[in-house]
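One structure below.
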Amino acid sequence: MGEVDSRLINPSLRCDGKSDNEKYSGYDERSSMYPFVNALSMSGGEGDNSYSTNSLLQKRVLSKAKPVLVQNTKGMMINLKFPYYIKVADLGCASGRNTFLTMSEIVNTINVLCQECNQKPPEIDCCLNDLSENDFNTTFKFIPFFNKRIESKGLCFVSGVPGSFYSRLFPRKSLHFVHSSYSLHWLSKVPEGLENNSSSVYITTSSLPSEYEAYLNEFQRDFTTFLKMRSEEMVSNGRMVLTFVGRNTLDDPLYRDCCHFWTLLSKSLGDLLSEGLVSASKVDSFKVPFYDPTKEEVKESIRNEGSFEIDDLEIHGFDLGQSNQDEDNRLHSQRSKAGEKEAKCVRAASEPMLVAHFGDDIIDALFNRGFQSVCETTTMQGETCRVYCVGTVDTKLDELRFLARSVRSNIDAFSNNSSSKVEVVIVDVSASTDHKEIEKVADFAFVTREEVLSCYVGSTKPPVKLPDGRGQAVGIMSKCLENFLRQALEDNSLAGVIGLGGSGGTSLISSAFRSLPIGIPKVIVSTVASGQTEPYVGTSDLVLIPSVVDVCGINSVSRVVFSNAGASFAGMVVRRLEMFKSSVSENGKSTVGITMFGVTTPCVNAVQEILTREGYETLVFHATGVGGRAMESLVKEGFIQGVMDITTTEVADHVVGGVMACDSSRFDIIIEKGIPLVLSVGAVDMVNFGSKDTIPSHFQTRKIHVHNEQVSLMRTTAEENKKFARFIADKLNKSTSKVRVCLPEKGVSALDAPGKPFCDPEASGAIMNELQRLIQTSEDRQVNIYPHHINDPEFAEALVASFLEIYPKDYAQIKPSETASTKTSTGEPDEGHVAKMSSRPERIPYSPKDFPNAKPETLERTQTILGRLRDQIEKGIPIIGGGAGTGISAKFEEAGGIDLIVIYNSGRFRMAGRGSLAGLLPFADANAVVLEMANEVLPVVKAVPVLAGVCATDPFRRMDYFLKQLESIGFVGVQNFPTVGLFDGNFRQNLEETGMGYGLEVKMISEAHKIGLLTTPYAFNPKEGEEMAKAGADIIVAHMGLTTSGNIGAKTAVSVEESVVRVKAIADAARRFNPDIILLCHGGPISGPEEAEFVLKRTQGCVHGFYGASSMERLPVEQAITSTVQKYKSIAIK
């Protein structure tokens, strides 16, 4: 989207205890001329178009207001002298988890302050308010999320308070703290007198002045009433923090700088009008009850009402067009993605009103096609992002302007065909105390030093001036710059950063630049670029360009250097913007970080080869101190999803004092992030130094190996190795994720082998024995010793097997290393050594890491269903699932206690009197039939999970989109039907050969699994059972063919006895890959309760229930109707 510089108005108020005695009724009755206002609420539920799913923008608003919220919460507690009871109200809470972010911040601030001041924490009553139409049920689902966030020492209560905040909601003098975010721009009603105004849904530059005045008057009435109501309800010295959308103070009151989304909605409605999908009278009579005031209008209303004092009133710029995009989409989405995001955001806030006025027939067309198209068009008209040219303006203004001009001219030259607009902004980070403030820089947008300092985050307000000590001043300014850039990144306006300076300036700027993610262009022209740069660059991708001469004026040398720096930086920026607009997608592979040293290279090469073959991407880091830090910084930023820390020699250098040491935080971020870790002790037999003459004198008598002229290695002792073990064990014992420690019994490096200079079994054995003794083992944290050298191929295989055990890729089975009869790399016999590890079947961990595209609520729902089913199995109660071809079938299957309901196209044919095989013939669009049936079945099923039968071979549907559509409609999972598994012979072979085979069904189940849906596929033989288990199936239904029995049932099928054998074979195959998988039987001769019981009793322990389709609805209907009619016919009338 083009940049929309909206304003968030954030007043914090103190109730002075004054209020009139008259009773205010508020605005309970909304305008009868616009009845749709009665539907003013956010879209409920947790679906794809719900407010809960599309409120990231509002979450960022809360983040902006957090410092004010914390400050006023503390002020309230101190002024009220730490009362024993606090009542907090969040007005306009909407639905979802956002309201609990605010409440948890308030509760935690109170508790921390009480602890600091040695006060007893109060009991806290948290009241959530919104209109009665609000979806409070969805909000209350997140109470467990709230409980996890709060660090409550006292009691905390949560309640819902339905009603308009333009009326009284609470008893007199009962509230201590009031919060409202992103709500007060909604009016109680549409202003009167708009009937003859423009057809736009809100004020535009072409509106009549009377329209603006009507909206302003309504806002003033409403906001005044709001303040009066709260003054009645709040105690004296209570606090209120409000945040709502506002606009810039401009001479033209009709200019709306933040309401482009209403303009786009008007255009979209106009498009539907031109297509005849909506009437002109309907469009003309729709106005939004919304107003975006200026700061002056807010202050005037507060002053005129008189009950509150303004403690603070902050204005924040906010790009509403981009703020609803998440981190990944900010980097990788195309324009259409931005349009889709904004469409969903506006839909979530306005759909109930639109449906009340226009009906629900136009909603999908309005947002999925019309609004999104307009958004994309607006996006293509020019996206604006910024590059920041950073330096100390008090000493480097001329140099900054020259560099900024070079950047701007080169960006213009490189991006002639680009729709993106890039603005170059100069940022002042002067840290001197006698700095004279500069307000603007000619020809450039400018961020003053005071604006940067306003980003200071601490326990006090931003400093009005920097301290006298230069070191302290530089530190504060550097932190403020870091916060400023982080906010620009979150607002999606940051395209790159470039700076210049001497040693002091480089130190100040580089710290902030390093904090930006890898990939954001970051360059500094520096006087220290040709020296020791590690303190400035660290593990980031910051580029230092030598200034050659001092950064002091523009001369013949600096002109060339600055011009080249500007050109190279401009190239980075333009290329990055083009790359993120292209349709290039990520490779989808999981990335594994691996540590290596020269003496462990054979091991790492073998590991890398196997992992690549298994479908992983690998990043190898040289264990030189900075290598380990680089790996862990990428773990922190989310680039790495698993770690194989094979070479931990940096620990040896840290403990003993070598030159390639880690620091004391080694392993911390891996453990904190909870990513899978396989750790070994590669190269802990050595400590690294420079040339031999640099080795400390007290080590000169030790065993030294000269690697080359620059590197000397010292053999570690048994005692030192025990210290390494303690360092590692202390870290790993804090882990809560899956960890495997793999120890090579016959040597830890190429130098630690028979005949090599560092061969010392006692010293190497010491670390292994100590690790076994110190590490607290559990199911998730294990230590295994292998009878191999670290560079043996068998050890590499064991490392990878351990990794795949805790982080399988698509749950592929990894064959255990056959260690009992292997030989070492020396060619000598194994001498009876056997690996001290147990081989066990692969288990599929149910963790969000394995569901990269899943919504948390979808994943939680699936886990809940599976947990309930497994509890049932433990109690000996079978799982019963059934197909439903009609709403009445589903309704009474639920009444009978069924566990799962599946709807698919054959159900429609079956209940229309045709055989189930009609669903496999070209009579209708199978997937469209399911969508149609959803309208009949989903509304009548109250609690039982309903799954969709998906035709995965459908060539005219993008399966990833279709699965998300099913999820948004309300399906909890999927099954593969129609399925090619029912075909055999040449026809089936031809389907497989022409790309329309069972593999597409496996792929569909895999995709559904990754987005967290419940998956219950059919499998017809053991091989298909294996494939579906690998794909992540939760429940496999062993299909015995078309159901026999009944008037239109099949006549040809296997025997029920043979079904027992076939079902068990499928179950055994699937359980080899996932022992926890649930198995059901279905079809063929298993046509009734007696046959199902026969099979289940003969497959106890591996088959857990029955899934019926024809047997669940067709046969009972055939029998019941036939019997009933016969009974009627048997009545005698003579």
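For the range 296-311, which residues satisfy the criterion of being surrounded by 14 or more Cβ atoms within 10 Å (Cβ to Cβ), of a type in the set (Val, Ile, Thr) and over 9 Å from Leu227 (Cα atoms)?
First, the residues of the range 296-311 that are surrounded by 14 or more Cβ atoms within 10 Å (Cβ to Cβ): 297-302, 305-308, 311.
This time we only want the ones that are of a type in the set (Val, Ile, Thr), so: 298, 302.
Residue satisfying the conditions is Val298 alone.
For Ile124, indicate whether it is crowded, with 20+ Cβ neighbours inside 10 Å and farther than 21 Å from Met229 by Cβ.
yes
Out of all the residues in the range 742-749, is one or more polar (S, T, N, Q) and closer than 30 Å to Pro696 by Cα?
Looking through the range 742-749, at least one residue is polar (S, T, N, Q) and closer than 30 Å to Pro696 by Cα.
List the number of the failed condition for Gly1101; all other conditions in (1) exposed (fewer than 10 other Cβ atoms within 10 Å of the Cβ); (2) touching an Asp or Glu at 6+ places or on another chain (Cβ under 9 Å) hold.
Unmet for Gly1101, out of (1) exposed (fewer than 10 other Cβ atoms within 10 Å of the Cβ); (2) touching an Asp or Glu at 6+ places or on another chain (Cβ under 9 Å): (2).
If a residue has to be of a type outside the set (Asp, Glu) and at pLDDT below 95 to count, how many in the range 630-648 make the cut?
11
Can you list residue pairs whose Cβ atoms sit under 8 Å apart, with the first residue in the range 992-1003 being free of Cβ contacts under 8 Å to residues at least 12 places away in the same chain and in the same structural domain as Val950 (by TED's automatic domain parsing) and the second being buried (at least 18 other Cβ atoms within 10 Å of the Cβ) and in a loop (DSSP other than H, G, I, E, B)? Count only pairs 6 or more apart in sequence or on different chains.
As it stands, the answer is none, since no pair meets every condition given.
Can you give me the ranges of the helices (runs of 4 or more DSSP H) entirely in the range 1011-1129 with at least 1 residues that are modelled with pLDDT of 85 or more, of a type outside the set (A, V, I, L, M) and closer than 22 Å to Gly885 by Cα?
1089-1097, 1115-1129
Return the residue satisfying two criteria in turn: it lies in the range 920-931 and is out of contact with any Gly (no Cβ under 7 Å at 6 or more places or on another chain) and surrounded by 13 or more Cβ atoms within 10 Å (Cβ to Cβ), and of such residues it is nearest to Arg908 (Cα to Cα).
Val929
Could you list, in sequence order, the residues of the range 517-573 that are of a type in the set (Asp, Glu) and over 20 Å from Tyr388 (Cα atoms)?
Scanning the range 517-573 gives Glu534, Asp550.
If a residue has to be over 41 Å from the mean Cα position of the chain (by Cα) and either closer than 26 Å to Gly1032 by Cβ or among the small types (Gly, Ala, Ser) (or both) to count, how many in the range 1101-1134 make the cut?
6
With a cut-off of at least 2 residues that are modelled with pLDDT of 95 or more, buried (at least 23 other Cβ atoms within 10 Å of the Cβ) and not basic (Lys, Arg), name the helices (runs of 4 or more DSSP H) lying wholly within the range 660-778.
So the answer is 718-732, 761-774.
Mind telling me which of the residues Gly538, Gly531, Gly496, Gly504 ends up being surrounded by 19 or more Cβ atoms within 10 Å (Cβ to Cβ) and outside the structural domain of Leu62 (by TED's automatic domain parsing)?
Exactly one of Gly538, Gly531, Gly496, Gly504 is surrounded by 19 or more Cβ atoms within 10 Å (Cβ to Cβ) and outside the structural domain of Leu62 (by TED's automatic domain parsing), namely Gly496.
Scan the range 543-557 and report the pairs whose first residue is free of Cβ contacts under 8 Å to residues at least 12 places away in the same chain and whose second residue is of a type in the set (A, V, I, L, M) and not in a helix (DSSP H, G or I), with Cβ atoms within less than 9 Å and a gap of 6+ or a chain change.
Hits for this filter: Asn555/Val549; Val557/Val548; Val557/Val549.
Among Pro696, Pro761, Pro744, Pro757, which is the only one that is touching a helix residue (DSSP H, G or I) at 6+ places or on another chain (Cβ under 7 Å) and either farther than 22 Å from Gly642 by Cβ or in contact (Cβ under 8 Å) with a residue 24 or more places away in the chain (or both)?
Only one candidate passes the filter, namely Pro744.
Among the residues of the range 147-157, how many are in contact (Cβ under 8 Å) with a residue 24 or more places away in the chain and outside any loop (DSSP other than H, G, I, E, B)?
Selection size over the range 147-157: 3.
Restricting the first residue to the range 609-621 and requiring it to be within 21 Å of Gly598 (Cβ to Cβ) and in contact (Cβ under 8 Å) with a residue 12 or more places away in the chain, which pairs with a second residue that is hydroxyl-bearing (Ser, Thr, Tyr) and not in a loop (DSSP other than H, G, I, E, B) meet a Cβ separation below 8 Å and a spacing of at least six or different chains?
Listed by first residue and then by second, the contacts come to Leu611/Thr618; Thr618/Thr591; Thr618/Thr612; Leu619/Thr591; Val620/Thr595; Phe621/Thr595.
Filter the range 114-146 down to residues that are part of a strand (DSSP E or B) and not hydrophobic (A, V, I, L, M, F, W, C), then give me how many there are.
Number of matching residues: 4.
In this structure, does Leu611 turn out to be of a type in the set (A, V, I, L, M, F, W, C), in a helix (DSSP H, G or I) and out of contact with any helix residue (DSSP H, G or I) (no Cβ under 8 Å at 6 or more places or on another chain)?
The answer is no for Leu611.
Among the listed residues Glu637, Glu617, Glu609, which satisfies the condition of being in contact with a strand residue (DSSP E or B) (Cβ under 8 Å, 6 or more places away or on another chain) and acidic (Asp, Glu)?
Glu617
Confirm whether Phe977 is closer than 24 Å to Ala1067 by Cβ, aromatic (Phe, Trp, Tyr) and surrounded by 24 or more Cβ atoms within 10 Å (Cβ to Cβ).
Considered against the rule, which asks whether it is closer than 24 Å to Ala1067 by Cβ, aromatic (Phe, Trp, Tyr) and surrounded by 24 or more Cβ atoms within 10 Å (Cβ to Cβ), Phe977 comes out as yes.
Pull out all pairs, ordered by first then second residue, where Cβ-Cβ is under 6 Å, the residues are six or more apart or on different chains, the first lies in the range 177-188 and is of a type in the set (Val, Ile, Thr), and the second is not in a loop (DSSP other than H, G, I, E, B).
Val178/Ala89; Val178/Arg230; Val178/Met240
Leu242: part of a loop (DSSP other than H, G, I, E, B) and modelled with pLDDT of 85 or more, yes or no? Break it down stepwise before answering.
On the way: part of a loop (DSSP other than H, G, I, E, B): no; modelled with pLDDT of 85 or more: yes.
Against the criterion (part of a loop (DSSP other than H, G, I, E, B) and modelled with pLDDT of 85 or more), Leu242 does not qualify.
Being at pLDDT below 90, out of contact with any helix residue (DSSP H, G or I) (no Cβ under 7 Å at 6 or more places or on another chain) and under 27 Å from Ala348 (Cβ atoms) is the filter here, so list the residues in the range 68-119 that pass it.
Residues satisfying the conditions are Val68, Gly92, Ala94.
The values are calculated or read from the model by the stated rules, or taken from the named source; none is laboratory data. These numbers come from a predicted model, not from an experiment. Please note: Cβ atoms are built from the backbone with ideal geometry, for glycine as well, and neighbour counts cover all protein chains shown.
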